[in-house]
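Heads up: the structure comes next, in structure tokens.
The values are calculated or read from the model by the stated rules, or taken from the named source; none is laboratory data. Since we're looking at a predicted model, the values are computed, not measured. Backbone-built Cβ (ideal geometry, glycine too); neighbour counts: all protein chains shown.
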């Protein structure tokens, strides 16, 4: 039984890593806000985690932001752990972000680092770029590096209405010396802020080799202290929810994802916001 479990974990780890949806799909994503909103944040990833979801949004960050994210297990398997560290800060001409994360265990592991930036190119229109390197290690097979490039666009089409677009792996990378190219993902999203307390977000994603995925999210904030979030997605069918608590520049986040077949996954996050010195 122990040997069968190890083989099962190994297969799942590879499937959720190399063969999973690009960056933020079966591997659930990064950042509890985005995950609780079912990763429907192509147009509303307005925090440091935007480096994963839409680097153009780095342009609109008004505070320096650093956060640590941790998912202790996935689908009840402790070996499928995810940890991530992210930081961002605004500048006079745009915003800059950096991230580092790890997924997996000793038989299959991914280590990633990346740098991103976003800047305005016209009134209400921003463009962003993320460049990342992922080192994938598979026991008995060795390790290989991948360079990936993501492009993001963000446009305020009307008051309180944002339109976002992301092209992940636009450079069509390969894993090491392999000739097989990794999947690309296109995502188009909308976000509408009804007032200071309530917002809706939606995104449609298309990844090579997978059917389209529709993602919807809603967020309600109470006195800028606590935020309640929820979301749903198709392909895969998931339901997600979470909370965020902000006080004196410190924030805590929790998110849960319920997969229709594989069950629950829990994530937590702790972050800090610093006053901007650039704006």
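From the list 217, 230, pick out the single residue that is at pLDDT 95 or above, part of a strand (DSSP E or B) and under 15 Å from residue 46 (Cα atoms).
Residue meeting the stated conditions: 217.
Could you list, in sequence order, the residues of the range 198-214 that are modelled with pLDDT of 95 or more and surrounded by fewer than 19 Cβ atoms within 10 Å (Cβ to Cβ)?
Matches in the range 198-214: 198, 200, 204, 206, 212, 214.
Test of understanding: among 95, 31, 104, 118, which residue is surrounded by 20 or more Cβ atoms within 10 Å (Cβ to Cβ), within 26 Å of residue 256 (Cβ to Cβ) and either free of Cβ contacts under 8 Å to residues at least 40 places away in the same chain or touching a helix residue (DSSP H, G or I) at 6+ places or on another chain (Cβ under 6 Å) (or both)?
Unique residue meeting the criteria: 104.
Say we look at the range 68-92 and pick out the residues that are under 24 Å from residue 126 (Cβ atoms) and more than 13 Å from the chain's Cα centre (by Cα); which of these is surrounded by the fewest Cβ atoms within 10 Å (Cβ to Cβ)?
Taking the candidates together, the pick is 92.
Go through (1) under 21 Å from residue 269 (Cβ atoms); (2) surrounded by fewer than 15 Cβ atoms within 10 Å (Cβ to Cβ); (3) in contact with a strand residue (DSSP E or B) (Cβ under 7 Å, 6 or more places away or on another chain) one by one and return the number of the condition residue 223 breaks.
Status for residue 223: all satisfied but (3).
Please go through the range 43-60 and give me each residue that is touching a helix residue (DSSP H, G or I) at 6+ places or on another chain (Cβ under 8 Å) and within 15 Å of residue 112 (Cβ to Cβ), ordered by number.
49, 51, 52, 53
Looking at 249, 263, 189, 244, which is the one that is on the phi > 0 side of the Ramachandran plot and in contact (Cβ under 8 Å) with a residue 60 or more places away in the chain?
That would be 263, the only listed residue that is on the phi > 0 side of the Ramachandran plot and in contact (Cβ under 8 Å) with a residue 60 or more places away in the chain.
Spot the failing condition for residue 82; the list is (1) closer than 26 Å to residue 217 by Cα; (2) modelled with pLDDT under 75, and only one is missed.
(2)
Being out of contact with any strand residue (DSSP E or B) (no Cβ under 6 Å at 6 or more places or on another chain) and in a loop (DSSP other than H, G, I, E, B) is the filter here; which residues of the range 77-106 pass it? It would help to see each step written out before you state the result.
We begin by selecting, within the range 77-106, every residue out of contact with any strand residue (DSSP E or B) (no Cβ under 6 Å at 6 or more places or on another chain); these are 77-79, 81, 90-92, 105-106.
Listed by number, the residues that qualify are 78, 79, 91, 92, 105, 106.
Could you list, in sequence order, all residues of the range 131-145 that are in a strand (DSSP E or B) and either modelled with pLDDT under 95 or touching a helix residue (DSSP H, G or I) at 6+ places or on another chain (Cβ under 6 Å) (or both)?
134, 135, 136, 137, 138, 142, 143, 144, 145
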